[in-house]
Amino acid sequence: MKVMVVGGGGREHTIIRKLKENKTITEIFAVPGNGGMAKDATLVNIGAKEIDKIVEFAVKEKIDFAVVAPDDPLVLGCVDALNAVGIKCFGPDKSAAIIEGSKVFSKNLMKKYNIPTAEYETFTDMDEALKYVETSKIPVVIKADGLALGKGVVIAESVDDAKAAIRSMMEDKIFGDSGNNLVIEEFLTGPEVSVLAFTDGKVVKPMVSSMDHKRALDNDKGLNTGGMGTIAPNPYYTKDIANECMETIFLPTMNAMNSEGRTFKGCLYFGLMLTPDGPKVIEYNCRFGDPETQVVLPLLESDLLTIMQATADGTLAETEVKFSDKSACCVVMASDGYPAKYETGYEMTIPEELPHNAEVFVAGAKLDGDKLLTAGGRVLGVTAVADDLKTAVSFAYDAVKEVKFQNARCRSDIGQRALKALK
Ligand code: AMP
Ligand code: GLY
């Protein structure tokens with residue numbers, strides 16, 4: 001069986017490692033992957049957004065199953081294009097990927113189907129948006145409608161900041177056409193939880209919960225990043241809250257998408273905030289999270305390929321999705337300066353074996369002969385699994401010490417907030 005994984009970051013590396021446990025797979029192609037995955041997959045030099053070339057390659061190589069991991073190709077219809085030539089995929093089609101592709105769509109969906117989320121208004125007219133924030137409660141949250149590399153959200157601490165954000169999105173178009181429509185919403189408070197869930201449109205099978213650490217610096221200071229580390233499970237996400245989320249959020253979302261004629265098949269990511277009024281949706285993503293995947297999949301005990309095929313086939317109800325009751329921690333090692341300016345091209349040293357069987361999932365690296373060089377802001381994630389969270393965190397940091405490249409920087413407090421919550 002030949003499998004193709006579209007995407008090139010740490011999330012995709014984690015998916016590939018997990019898929020490799022299935023012995024019916026003879027070859028995995030990473031499109032485009034990155035140099036750090038060369039031992040685990042065959043790298044294919046086609047960009048994740050080059051849909052026509054991806055389809056051509058998949059047909060030529062007789063790919064049996066494709067996993068489309070990143071938001072861009074999903075929103076562009078990569079799954080539709082592969083299905084059209086008879087290739088089965090894990091991932092939503094274009095009509096369902098809109099749940100991440102348009103915040104206006106997802107907010108209106110939640111309103112229509114009574115799914116708990118922050119109160120909001122949508123705007124296509126800048127003057128109306130500017131007028132609206134003059135009387136908004138502060139802080140107020142401004143969101144660009146479309147994909148914006150995870151940077152399309154501004155939490156404005158004053159009316160002036162809110163106006164500046166609106167102008168930068170609608171007038172200066174810093175996110176291009178994503179800023180033509182804005183969502184302006186109420187600021188919510190409470191612990192954040194990420195829940196990734198498999199769904200085939202008939203049932204929802206949530207994975208173990210996790211917690212991302214989005215800010216660049218310790219104690220949640222500094223700029224927002226794609227994620228500097230994760231832990232799983234998230235201690236705030238109790239059994240009772242999980243049951244409540246299933247009833248008020250997960251099933252209603254699946255049913256809402258079905259009612260809209262946009263059946264979602266794949267991994268639906270629920271970004272939740274546990275507010276004093278109960279769990280609410282902050283955002284949906286139409287894919288696995290990065291770096292949530294780096295702690296969630298190492299805890300999966302069932303076979304990933306089988307689950308992914310069942311998700312595509314509509315047989316998820318009969319398929320086992322089992323997680324271990326251990327804990328995992330992933331510490332991201334970034335190039336110093338990320339997410340602003342940083343340097344790359346430094347040689348990396350990743351030992352074959354790390355203490356405590358920790359694993360390295362590479363996000364930004366390229367091969368230069370037999371050397372591996374840094375090639376991105378987030379360079380790699382080091383994941384350790386242990387019986388409890390405290391041990392997983394200390395194992396991950398033990399392993400981080402053995403991975404070396406010039407300019408490496410990581411947060412030193414991944415997991416600390418979760419550990420405090422446990423006490
Ligand atoms: P997003 O890009 O939608 O994940 O938003 C980035 C981050 O902004 C989230 O992880 C939250 O921490 C924060 N955020 C987004 N919407 C709200 C909101 N309505 N209230 C408070 N924080 C928010
Ligand atoms: N870690 C957040 C995301 O994948 O969007």
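The values are calculated or read from the model by the stated rules, or taken from the named source; none is laboratory data. Fair warning: this is a prediction, and the values are worked out from it, not measured in the lab. As a convention, Cβ positions derive from the backbone with ideal geometry for all residues, glycine included, and neighbour counts pool all protein chains shown. Ligands, DNA and RNA are excluded from the accessible area calculation, which covers all protein heavy atoms including side chains. Shrake-Rupley method; radii C 1.70, N 1.55, O 1.52, S 1.80 Å.
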Based on the mean of other Cβ atoms within 10 Å per residue, sort peptides 272-285, 338-351 so the most packed one is first. 272-285, 338-351
What full-extension length gain, to one decimal in nm, is calculated for residue 39 and residue 242 as 0.36 nm per residue of separation minus the Cα-Cα distance? 69.3 nm
Would you please give the FRET efficiency between residue 56 and residue 406, computed as 1/(1 + (r/R0)^6) with r the Cβ-Cβ distance and R0 = 56 Å, to the nearest 0.05? 0.90
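Sorting 155, 51, 15 by accessible area (1.4 Å probe), largest first, what list results?
Largest accessible area first, the residues go 155, 51, 15.
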Virtual spin-label span in nm between residue 218 and residue 275, 7 Å along Cα→Cβ: 3.3 nm
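For a Förster distance of 35 Å, can you work out the FRET efficiency between the beta-carbons of residue 119 and residue 353, rounded to the nearest 0.05?
Calculated transfer efficiency: 0.10.
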For segment 160-300, inverting the pair-averaged 1/r of distinct alpha-carbon atoms gives a Kirkwood value in Å of 16.7 Å
How large is ³J(HN,Hα), in whole Hz, for each residue of segment 63-75 in order, when computed from phi with the Karplus curve 6.51 cos²θ - 1.76 cosθ + 1.60 and θ = phi - 60°, using x for Gly and Pro? 5, 8, 8, 10, 10, 9, 9, x, 5, 4, x, 5, 5
With equal scatterers on the alpha carbons only and no solvent term, can you work out the Debye log10 of I(q)/I(0) for segment 119-159 at 0.23, 0.25, 0.30, 0.35 1/Å? -0.84, -0.97, -1.20, -1.28
Net charge around residue 246, counting only other residues with Cβ within less than 14 Å of its Cβ (Lys, Arg = +1; Asp, Glu = -1)? -1
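With a/c under 1.5 counting as rounded, go ahead and sort segment 152-198 into rounded, prolate or oblate using the C-alpha gyration tensor (a ≥ b ≥ c being the square roots of the eigenvalues; past the cut-off, prolate if a/b is larger than b/c, else oblate).
On the way: a/c = 3.31, a/b = 1.47, b/c = 2.25.
Note, shape of segment 152-198 comes out oblate.
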Got a sec? Which residues in segment 198-235 would a label at residue 1 touch, if it sits 7 Å along Cα→Cβ and we count backbone N under 20 Å? 198-201, 205
For segment 11-113, restrict the atom set to alpha-carbon positions and state the Rg and Dmax in Å. 15.0, 48
So what's the back-of-envelope 222 nm ellipticity for the chain, counting only DSSP H runs of four-plus at -39500 (n - 2.57) apiece and dividing by all residues, rounded to 500? -8000 deg cm²/dmol
Cα Rg, Dmax (largest Cα-Cα span) when computed across segment 264-423, Å: 17.8, 56
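With a probe of 1.4 Å, find how much accessible area segment 246-305 has per residue, and write the answer as a whole number in Å².
With the other protein chains kept in place, segment 246-305 gives 27 Å² per residue.
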With all protein chains modelled, accessible area of residue 171 [1.4 Å, Å²]: 110 Å²
From phi via Karplus (6.51, -1.76, 1.60), per-residue ³J(HN,Hα) for segment 222-229 in Hz, x at Gly/Pro: x, 6, 5, 10, x, x, 9, x
Just how far, in whole angstrom, is segment 334-363 from segment 45-112 if you go by their alpha carbon centroids? 29 Å
Residues of segment 301-318 with backbone N under 20 Å of the label point set 7 Å from the Cα of residue 21 along Cα→Cβ are 301-312, 316-318
Can you give the FRET efficiency to the nearest 0.05 for residue 173 and residue 111, using r as the Cβ-Cβ distance and R₀ = 25 Å? 0.40
So who's got an amide H within less than 5 Å of the one on residue 283, skipping anything under 5 residues away but keeping other chains? H placed 1.01 Å off N, in plane. 271
Binning at 10 Å from 0, report for the chain what percent of all alpha-carbon pair distances ends up in each bin. 5, 22, 33, 28, 11, 1, 0
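Count the net charge of all other residues whose Cβ sits under 10 Å from the Cβ of residue 334, scoring Lys and Arg as +1 and Asp and Glu as -1.
Combined, the nearby Lys, Arg, Asp and Glu give +2.
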Would you check the accessible area of residue 188, probe 1.4 Å, heavy atoms only, in square angstrom rounded to 10? 20 Å²
Given segment 74-120, report the % of alpha carbon pairs whose separation exceeds 14 Å. 55 percent
The long-range amide H neighbours of residue 43, using H built 1.01 Å from N in the peptide plane and a cut-off of under 5 Å, are 30
Report residue 327's accessible area, 1.4 Å probe, all protein chains in place, as a number in Å² to the nearest 10. 10 Å²
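If packing is taken as the average number of other Cβ atoms within 10 Å across a peptide's residues, how do 61-68, 217-224, 402-409, 30-37 rank, most packed first? If you can, show how the numbers build up before the last one.
Values: 61-68: 20.8, 217-224: 13.0, 402-409: 16.5, 30-37: 24.5.
In decreasing order of mean packing, 61-68, 217-224, 402-409, 30-37 become 30-37, 61-68, 402-409, 217-224.
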Name the residue, out of 24, 263, 248, whose mean-square fluctuation peaks in a Gaussian network model built on the chain with Cα pairs under 10 Å. 24
Modelled label-to-label distance, residue 251 and residue 367, 7 Å Cα→beta-carbon offset: nm? 4.9 nm
